[in-house]
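> My questions all concern the structure below.
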Amino acid sequence: MASENGSSTKRGQWASHLGFVLAATGSAIGLGNIWKFPYITGDYGGGAFVLLYLVCVILVGLPLMISELIIGRAGQTNPVGAFQKLHKEGSIWQVTGWLGVASGFLILSFYSVIAGWSLAYIFKSIAGFEGTAEAIQSQFGTLVTHPTESIMWHTIFMGLTIAIVIGGIQRGIERWSKILMPALFALLFGLMCYGLFGTNGGKQALAFLFVPDWSKLTAEAALSALGHAFFTLSLGMGAMITYGSYMKRGASIVKDAIIVSLLDTVIALMAGVAIFSMVFHYGLEPGQSVGLIFKTLPVLFADTGPWVSVPFFVLLSFAALTSAISLLEVVVSYFVDQRGWPRVKATLLLGGAIYVVGILSAMVSWTVMFRGKEQGFLDIFDFITTNYMLPIGGFLTCLYIAWVVSDSVRSQEFGSKDKLYKSLVFVLKYITPIALIAVLLHGLELLPFMEY
Ligand code: TRP
């Protein structure tokens, strides 16, 4: 088996094609699909938002995922090194890689805190949810504002993430993705069937998600759909560059990108069906925002009992774990490839540093002024990464692939120069960058036709 200690001759590689697809899908499927997608869909009114989101996945997400995989596989190294190798030593484009490493660091720091809540809810589910709706909902507030508990779960989650990433590509990430991803599909499928056939809300949930009500479509919803398409596919920070760099030649990047995007979308929709069936069964309002999963669902779980709630939070934790390992891998691969650190040292030190920064997010009572409001670090880090760092990273990646890289490298990795290839290049030149600039300007509150 290849050594994975960063020696340049024997870099880690996926053992199988399936292993790569599952790991990349594992990165994509995460809190974004099961926690965020249902609640923003609820907030923006359902079907029309879903449709818009699908368009964004196809026009922005897919082309960008193909771009990242091309850079990764052609470069065969971490995001910073890949830009240097493909462009030139000391190239200005390596800034894109730097930004990606920083984004991975920052995203994981707060992602782990939310994932920790999910772990905590596995145990709350086993104990059972009892009492009035208010009492059940207040459990979330108690958990979040109780720093020792929040930090304990954050510690456990980061510990698991670090343990898997230390194992390297084949023995860590690939092996665990092969176990966790099928388990996740099975659990979610079961939950969706429960929602569709075991509750009275199935039909309404399907109508809510798939029948568009155009009157609910706003510019704000469109921009959120775009931002989310981006986050849910793990784009804009080199996660797919990194995973692509462990790919062997031969597999079709386009086909793989389509499979990963499709699976990610299917899982989000399945989660939506499962969750909204329960919401409608109990006659609740779908627009419950951030609290949908941790506050609203437990009230329903009080009736269903632990056999529905335990699988649900186990599933959420699995999904979060396979995403967290991709976030850490981007940071670790930089120190292994560029600085020659042994994998174990890089994982422990960087994982440890991310853990420490994460404590800021776990301390919800620590607030600072940000954009004119007193806010906690979790919200601030989430806002900065989703609205500034990822769109800028995606924009630079897109410019690089569309205008800078040589056509021969690009078409060779793409696998052809046919119509599909030409359309992709067109989209990457003119459509994707404009969409990303719109997200960025919106984050900066600079879009002229919006009210801020
Ligand atoms: N895609 C993951 C989710 O939906 C989160 C994630 C993992 C991510 N790696 C990423 C987001 C890289 C942006 C970039 O939860």
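> What residue, among those in segment 98-130 that are farther than 30 Å from Arg339 by Cα and aromatic (Phe, Trp, Tyr), is farthest from the ligand (Cβ to nearest atom)?
This residue is Phe129.
> Before we move on, is Leu64 buried (at least 23 other Cβ atoms within 10 Å of the Cβ), within 20 Å of Ser224 (Cα to Cα) and either at pLDDT 90 or above or small (Gly, Ala, Ser) (or both)?
For Leu64, the condition - buried (at least 23 other Cβ atoms within 10 Å of the Cβ), within 20 Å of Ser224 (Cα to Cα) and either at pLDDT 90 or above or small (Gly, Ala, Ser) (or both) - is met.
> Then there's this: If I filter segment 219-226 for residues that are of a type outside the set (Val, Ile, Thr) and open to solvent by less than 10 Å² (accessible area, probe 1.4 Å), do I get at least one hit? If you could, list the steps in order and put the result at the bottom.
Here is the first cut: in segment 219-226, the ones of a type outside the set (Val, Ile, Thr) are 219-226.
Restricting the remaining residues to those that are open to solvent by less than 10 Å² (accessible area, probe 1.4 Å) gives 221, 225.
Checking segment 219-226: at least one residue is of a type outside the set (Val, Ile, Thr) and open to solvent by less than 10 Å² (accessible area, probe 1.4 Å).
> Determine the pairs where a residue that is in contact (Cβ under 8 Å) with a residue 40 or more places away in the chain and part of a loop (DSSP other than H, G, I, E, B), located within segment 18-34, has a partner that is open to solvent by less than 10 Å² (accessible area, probe 1.4 Å) and of a type in the set (Asp, Glu) with Cβ atoms under 7 Å apart, the partner being 6 or more residues away or on another chain.
The qualifying pairs are Ile29/Asp264.
> Next question. Just the residues that are over 30 Å from Thr296 (Cβ atoms), surrounded by fewer than 22 Cβ atoms within 10 Å (Cβ to Cβ) and among the aromatic types (Phe, Trp, Tyr), please, taken from segment 307-354.
Result: Phe335, Trp341.
> Looking at this structure, is Phe426 assigned to a helix (DSSP H, G or I) and aromatic (Phe, Trp, Tyr)?
For Phe426, the condition - assigned to a helix (DSSP H, G or I) and aromatic (Phe, Trp, Tyr) - is met.
> Any residue in segment 187-202 that's hydrophobic (A, V, I, L, M, F, W, C): show its pairings with residues that are assigned to a helix (DSSP H, G or I) and open to solvent by 50 Å² or more (accessible area, probe 1.4 Å) at Cβ separation under 9 Å, as long as the two are six or more apart or on different chains.
As it stands, the answer is Leu187/Phe318; Leu196/Lys203; Leu196/Leu206, since those pairs meet every condition given.
> Can you name the number of the only condition in (1) open to solvent by 10 Å² or more (accessible area, probe 1.4 Å); (2) in contact (Cβ under 8 Å) with a residue 12 or more places away in the chain that Lys255 fails?
Going through (1) open to solvent by 10 Å² or more (accessible area, probe 1.4 Å); (2) in contact (Cβ under 8 Å) with a residue 12 or more places away in the chain one by one, Lys255 breaks only (2).
> Looking at Val60, Val95, which is the one that is part of a helix (DSSP H, G or I), of a type in the set (A, V, I, L, M), in contact with a helix residue (DSSP H, G or I) (Cβ under 8 Å, 6 or more places away or on another chain) and within 16 Å of the ligand (Cβ to nearest atom)?
Numbers: Val95 fails: within 16 Å of the ligand (Cβ to nearest atom).
Checking each option against the conditions leaves just Val60.
> A further question follows. Need a quick list: helices (runs of 4 or more DSSP H) entirely within segment 155-268 having at least 3 residues that are within 16 Å of the ligand (Cβ to nearest atom). Reasoning before the result, please.
Numbers: elements: 175-193, 202-210, 219-232, 239-245.
By residue number, 175-193, 219-232, 239-245.
> Tell me which residues, restricted to segment 127-161, are modelled with pLDDT under 95 and open to solvent by 70 Å² or more (accessible area, probe 1.4 Å).
Kept after step one, since they are modelled with pLDDT under 95, are these residues of segment 127-161: 127-150.
Across segment 127-161, the qualifying residues are Ala127, Glu130, Thr132, Glu134, Thr142, Thr145, His146, Thr148.
> Checking Ile92 against (1) open to solvent by less than 40 Å² (accessible area, probe 1.4 Å); (2) among the β-branched types (Val, Ile, Thr); (3) over 16 Å from Ile241 (Cα atoms), which single condition isn't satisfied?
(1)
> Under 7 Å by Cβ, and 6 or more places apart or on different chains, what pairs join a residue from segment 103-117 that is modelled with pLDDT of 95 or more with one that is within 12 Å of the ligand (Cβ to nearest atom) and of a type in the set (Asp, Glu)?
Close Cβ pairs satisfying both conditions: Phe110/Asp382.
The values are calculated or read from the model by the stated rules, or taken from the named source; none is laboratory data. Being a predicted model, the structure only gives us computed values, none of them experimental. Every residue, glycine as well, gets a Cβ built from its backbone with ideal geometry; the counts of neighbours run over all protein chains shown. For accessibility, only protein heavy atoms count, side chains too; no ligands or nucleic acids. Shrake-Rupley method; radii C 1.70, N 1.55, O 1.52, S 1.80 Å.
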